[in-house]
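**Q** Dropping a structure here in structure tokens format, bear with me for questions.
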Amino acid sequence: MTDDRERWNEKYSTDEEFELPDDPIPELARRVDTLPTGRALDVATGTGRNARFLASEGYDVDAVDVSDEALDRAAQAADREGVDVNWIRSDIDDFGFEEGAYDVITVSFFAALERLPDLIAALAPGGVLVYEHHLRSSDPIEIGPSDRYRYPSNHLLHACLDLTILHYEERTRLDDEGRTQAVATLVGRQSTGGAQSYPQLSD
């Protein structure tokens, strides 16, 4: 954990080209009015974009990251915005997910498939996972990690088939600075039974 913490602290403090988006996952913002209310968890929160958004929507939010630098930035941004988040410094590999505790869990741009069973178990009945990650693509991509840290096509979808899949999409899009990125986005619900309700979304 110490090595990861030092590596990410250095990246946040010295890499001028490393900038995370400030807005939440687009599909999270689009669906927030349809999501169950209550407790939320943001995994590998970085500078806290999803956590701060969920807190502003009335959620009781826990946000976990290994980097002190990232959490300091996140806490400062939360203070400026007047929202409360429980910032937790921990390596995700070591974090003890509380079973059945969260109504919403978010993960963005963090490869957490090894912990997915624990993430899914941490969802309350009816709880929703919103997960977005970099995708391997043959298209020209201007932002994101090497293919080693990207998911192959349908990899995230297959890993979440224990959930009711409300949305899954793979596409390229432009980030806030107009750079092309390839992303996979999944929204899945912890539910059982052959007959379920599905939220109506505005376009």
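**Q** Show me 22-29, 190-197, 130-137, 171-178 ranked by packing, highest mean number of other Cβ atoms within 10 Å first.
**A** Most protected by this proxy first, the peptides run 130-137, 22-29, 171-178, 190-197.
**Q** According to a simple spin-label model (label point 7 Å from Cα along Cα-to-Cβ), what is the distance in nm between Thr37 and Asp60?
**A** 1.4
**Q** Whenever you get a sec, compute what percent of the accessible area on segment 39-186 sits on carbon and sulfur atoms (1.4 Å probe).
**A** Details: 2750 of 6590 Å².
Answer for segment 39-186 is 42 percent, counting heavy atoms of protein chains only.
**Q** Can you give the net charge of the other residues whose Cβ lies under 10 Å from the Cβ of Leu35, counting K and R as +1 and D and E as -1? Intermediate values should be presented prior to the final figure.
**A** Values: positive: Arg31, Arg189; negative: Asp33, Glu57, Asp103.
Net local charge, Leu35 excluded: -1.
**Q** Here is a further query. Ranked from highest to lowest mean number of other Cβ atoms within 10 Å per residue, what is the order of the peptides 142-149, 107-114, 92-99? Before the final figure, lay out the partial values.
**A** Numbers: 142-149: 12.5, 107-114: 18.0, 92-99: 14.0.
Sorting 142-149, 107-114, 92-99 by mean packing, highest first, produces 107-114, 92-99, 142-149.
**Q** Also, I was wondering about something else. Which whole-Hz ³J(HN,Hα) couplings does segment 145-150 yield from phi under the Karplus relation 6.51 cos²θ - 1.76 cosθ + 1.60, θ = phi - 60°, glycine and proline marked x?
**A** Values, residue by residue: x, 5, 4, 4, 9, 9 Hz.
**Q** If you plug each phi of segment 26-36 into the Karplus form 6.51 cos²θ - 1.76 cosθ + 1.60 with θ = phi - 60°, what whole-Hz ³J(HN,Hα) values come out, in order, with x for Gly and Pro?
**A** x, 5, 5, 5, 5, 9, 4, 6, 9, 7, x
**Q** May I ask you to give the average projected area over all directions of the convex hull of the Cα atoms of segment 161-203, in nm² rounded to one decimal?
**A** Working: hull surface 17.4 nm².
Approximately 4.3 nm², given one-decimal rounding.
**Q** Okay, moving on. Using a simple spin-label model with points 7 Å from Cα along the Cα→Cβ vector, what separation in nm is obtained for His167 and Leu113?
**A** 2.3
**Q** Amide H to amide H, which residues 5 or more places from His167 or on other chains are under 5 Å from it, using H placed in the peptide plane?
**A** Val187
**Q** Short version: ³J(HN,Hα) in whole Hz for each residue of segment 120-130, in order, from phi by Karplus 6.51 cos²θ - 1.76 cosθ + 1.60 (θ = phi - 60°), x for Gly and Pro, what are they?
**A** Residue by residue, segment 120-130 yields 5, 5, 6, 6, 5, x, x, x, 10, 9, 10 Hz.
**Q** Return one whole number: the accessible area per residue of the chain in Å², for a 1.4 Å probe.
**A** 52
**Q** Stretch Asp22-Ile88 to full length: gain in nm at 0.36 nm per residue minus the Cα-Cα span?
**A** Working it through step by step, the gained length comes to 21.8 nm.
**Q** I would also like to ask the following. How many percent of all Cα-Cα pairs in the chain sit more than 26 Å apart?
**A** 31
The values are calculated or read from the model by the stated rules, or taken from the named source; none is laboratory data. Not measured: the values here are computed from a predicted model. Please note: Cβ atoms are built from the backbone with ideal geometry, for glycine as well, and neighbour counts cover all protein chains shown. Surface areas here come from the heavy atoms of the whole protein model, side chains and all, with no ligands, DNA or RNA. Shrake-Rupley method; radii C 1.70, N 1.55, O 1.52, S 1.80 Å.
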